[in-house]
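Peer 1: I'd like to ask some things about the structure below.
The values are calculated or read from the model by the stated rules, or taken from the named source; none is laboratory data. All figures in this text were calculated on a predicted structure; none of them were measured in a lab. FYI the Cβ positions are ideal-geometry reconstructions off the backbone, even for glycines, and counts take in every protein chain you see. Note: areas computed on protein heavy atoms with side chains; ligands, DNA, RNA excluded. Shrake-Rupley method; radii C 1.70, N 1.55, O 1.52, S 1.80 Å.
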Amino acid sequence: MKSPLLLAAFALAACTPAAPASAPPPAAAPAAKAAPAAQPEDFGPAQGAPIAAVLTDAPEVPPALHRTAPAHVVVDLEVIEKVGRLADGVEYTFWTFGGRVPGKFIRVRQGDTVEFHLKNAAGNKMPHNIDLHAVTGPGGGAASSFTAPGHESVFTFKALNAGLFNYHCATAPVGMHIANGMYGLILVEPPEGLPKVDRELYVMQGDFYTQGGYHDRGLQPFDMQKAIDEKPTYVLFNGAEGAASGANALQAKVGEKVRIFAGNGGPNLVSSFHVIGTVFDRVYTEGGAHFQEDVGTTLIPAGGAAIVELNARVPGDYAIVDHSIFRAFNKGAMGTLHVAGPEDKWVYSGKQADNVLGAPPTELSQPVVAAAPVPAAPPEPTALGKQVFGSLCASCHQANGQGIPGAFPPLAGSDFLMADKHRAIGIVLHGLNGPIQVNGKTFTNVMPPQSQLTDEEIASVLTYVRSNFGNHGDAVKPAEVAKQRNAKQMANR
């Protein structure tokens, strides 16, 4: 019995009219078609034995590849759920790619074949997967990488597009997995590589949603409603307050060209990425191939990235911030780029003079105010009080507590401050407006309330000030702050 397809072919032949007897001979058959051209992204097959990808934790970046041909690259990444530090005295249960937030930095070359192994540690409680924005395929790999605890998933993809891309978990509820720290960056280098720089760094922003308030102590659970309402408790670089500042500050040297791979895990907020005191020479917008020059602040979308380059010309500490500025000073979105090396007064002089308005200008050859004398045996300040003073108080009252003559009153040797401890607590909590007498001089300022600080932070900073800068006072206790705070709240009801 003939197949339906064969019968159809016979029927089609029967319906075709015969050529007339006088028809000219058929034209010569066309030449065979050339093989289809290779796709623009096809740089040829992977060459050589498989290579294990070098993976690094922020702020470190794997070295440039310097390969001339595509390779078969094997990426091994393990999901680890663990309790870690969110801020001083604050813990959180992070879900991580590789044990840290952000996840491991992955570096491959355009045209590479990437064999991805996603492991879900046996002690974990949740299933996880991975969506790499560098992947062309369903879910960016998420559809092939759903992994139960104690299991491993494997899939392979071709790195077709060069650029800097976010990756994250995409297991439901997706937002919760991302908010718990499941994000990182993958760089797909173009075949010729990126332009040479002296130093590369990895920084990634994320927003965190805790049931407690900012700096509430203890292990903080995730708050789904805050996340839905897009009201984060913390906005942080590299997963924790202080992860990119203080002892963990990013390092560079004068004269170096620095490249920062900056990502934004979200899950909700767009980042206004800025390094205070520098101009980005180049910004590769959203991590792509094209760049802008001479940029001060660049937007990084949630789930996106940017490559920024700068020249470290003058030594000092440069604050890295989300310039949605309350996030920096009140939610933790602050890091530091510490640049070491010789001064260049041609580029930046530092402070040269401080003149009283209306008085003849004078050039100062020494600091504006002398350092406060150090007591013979000063009490040891609490780290928390010193930290709060440095971030909130020093800009007006100066790092040595001397204030600015005619503008901001001194805290050093202050008769006003030391006369009434409870008044000092009230000023920090509720602010101050109007003239005051300090050491025989009148100051008229507005000090905004700092009620966003915790009772412990206010007690610590006042204790720090009252036991430094030539002051000798007793400690302020958190219970004393709480009493005034509660009395004010009751009075306003």
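Peer 1: Could you list all residues from region 95-128 that are open to solvent by less than 10 Å² (accessible area, probe 1.4 Å) and closer than 23 Å to Val174 by Cα?
Peer 2: Once the filter is applied, which keeps residues that are open to solvent by less than 10 Å² (accessible area, probe 1.4 Å) and closer than 23 Å to Val174 by Cα, region 95-128 yields Thr96, Phe97, Pro102, Gly103, Phe105, Ile106, Phe116, Leu118, Asn120, His128.
Peer 1: How many residues, within region 434-457, are free of Cβ contacts under 8 Å to residues at least 60 places away in the same chain and either open to solvent by less than 60 Å² (accessible area, probe 1.4 Å) or hydrophobic (A, V, I, L, M, F, W, C) (or both)?
Peer 2: Matching residues across region 434-457 total 9.
Peer 1: Which one of these does Gly44 not meet: (1) at positive phi; (2) at pLDDT 95 or above?
Peer 2: Gly44 satisfies every listed condition except (2).
Peer 1: Just to be sure I understand the filter: pairs with C-beta atoms under 7 Å, separated by 6 or more residues or on different chains, first member in region 319-343 and in contact (Cβ under 8 Å) with a residue 60 or more places away in the chain and farther than 16 Å from Gln450 by Cα, second member assigned to a helix (DSSP H, G or I) and open to solvent by less than 40 Å² (accessible area, probe 1.4 Å). Which pairs pass?
Peer 2: Asp322/Ala328; Met334/Ala328
Peer 1: Consider Lys82 carefully, then state whether it is surrounded by fewer than 17 Cβ atoms within 10 Å (Cβ to Cβ), of a type in the set (D, E, K, R) and either within 22 Å of Thr56 (Cα to Cα) or touching a His at 6+ places or on another chain (Cβ under 9 Å) (or both). I'd like the intermediate steps shown before the answer.
Peer 2: Numbers: surrounded by fewer than 17 Cβ atoms within 10 Å (Cβ to Cβ): yes; of a type in the set (D, E, K, R): yes; either within 22 Å of Thr56 (Cα to Cα) or touching a His at 6+ places or on another chain (Cβ under 9 Å) (or both): yes.
Answer is yes for this residue.
Peer 1: From (1) surrounded by 19 or more Cβ atoms within 10 Å (Cβ to Cβ); (2) in contact (Cβ under 8 Å) with a residue 40 or more places away in the chain; (3) β-branched (Val, Ile, Thr), pick out the condition that doesn't hold for Val135.
Peer 2: The number of the failed condition is (2).
Peer 1: Something else now. Out of region 244-284, which residues are under 10 Å from the mean Cα position of the chain (by Cα) and either over 20 Å from Val61 (Cα atoms) or surrounded by fewer than 23 Cβ atoms within 10 Å (Cβ to Cβ) (or both)?
Peer 2: Selection gives Gly266, Ser271.
Peer 1: Follow-up question, since we're still on this one. Do we have any residue at all in region 67-80 that's modelled with pLDDT under 95 and of a type in the set (Val, Ile, Thr)?
Peer 2: Yes, region 67-80 has at least one match.
Peer 1: Sort out which residues of region 437-493 are part of a strand (DSSP E or B) and aliphatic (A, V, I, L, M), and write them in order of number.
Peer 2: Within region 437-493, Val438, Val446, Met447 qualify.
Peer 1: Return only the number of the condition from (1) open to solvent by less than 30 Å² (accessible area, probe 1.4 Å); (2) among the hydrophobic types (A, V, I, L, M, F, W, C); (3) out of contact with any helix residue (DSSP H, G or I) (no Cβ under 7 Å at 6 or more places or on another chain); (4) in a strand (DSSP E or B) that Ala305 does not satisfy.
Peer 2: Single failed check for Ala305: (3).
Peer 1: Can you tell me how many residues in region 198-257 are within 23 Å of Gly175 (Cα to Cα) and basic (Lys, Arg)?
Peer 2: The total comes to 2.
Peer 1: Only one of Val388, Val461, Val481 is farther than 21 Å from Ala87 by Cα and open to solvent by less than 20 Å² (accessible area, probe 1.4 Å). Can you tell me which?
Peer 2: The match here is Val481.
Peer 1: Next question. Only one of (1) more than 17 Å from Leu462 (Cβ to Cβ); (2) modelled with pLDDT of 85 or more; (3) surrounded by 13 or more Cβ atoms within 10 Å (Cβ to Cβ) is not met by Val369, so which one is it?
Peer 2: Looking at each condition in turn, Val369 falls short on (2).
Peer 1: What number of residues within region 45-65 are in a strand (DSSP E or B) and more than 29 Å from the chain's Cα centre (by Cα)? Working first, answer last.
Peer 2: If we filter region 45-65 for residues that are in a strand (DSSP E or B), which is where we start, we get 51-52, 56.
Narrowing the set further to residues that are more than 29 Å from the chain's Cα centre (by Cα) leaves 51.
Matching residues across region 45-65 total 1.
Peer 1: Restricting to region 138-170, what's the tally of residues that are without any contact (Cβ under 8 Å) to a residue 60 or more places away in the chain, out of contact with any Lys or Arg (no Cβ under 6 Å at 6 or more places or on another chain) and over 16 Å from Phe43 (Cα atoms)?
Peer 2: The qualifying residues number 18.
Peer 1: Which members of region 227-285 meet the condition of being among the small types (Gly, Ala, Ser), within 10 Å of Gln205 (Cα to Cα) and outside any loop (DSSP other than H, G, I, E, B)?
Peer 2: Hits for region 227-285 are Ala262, Gly263, Gly265, Gly266, Ser271.
Peer 1: Any idea which of Ala302, Ala328 is touching a Gly at 6+ places or on another chain (Cβ under 8 Å) and over 15 Å from Leu201 (Cα atoms)?
Peer 2: Ala302
Peer 1: Scanning for something at pLDDT below 85, surrounded by fewer than 16 Cβ atoms within 10 Å (Cβ to Cβ) and among the aliphatic types (A, V, I, L, M), does region 329-343 turn up at least one residue? Quick ask: steps written out before the conclusion?
Peer 2: So the first thing to find is which residues in region 329-343 are at pLDDT below 85, and the list is none.
Scanning region 329-343 turns up no residue that is at pLDDT below 85, surrounded by fewer than 16 Cβ atoms within 10 Å (Cβ to Cβ) and among the aliphatic types (A, V, I, L, M).
Peer 1: State which residue is surrounded by the fewest Cβ atoms within 10 Å (Cβ to Cβ) when the search covers only region 145-196 and only residues that are of a type in the set (Ser, Thr, Tyr) and under 27 Å from the mean Cα position of the chain (by Cα).
Peer 2: Once the filter is applied, the top-ranked residue is Thr171.
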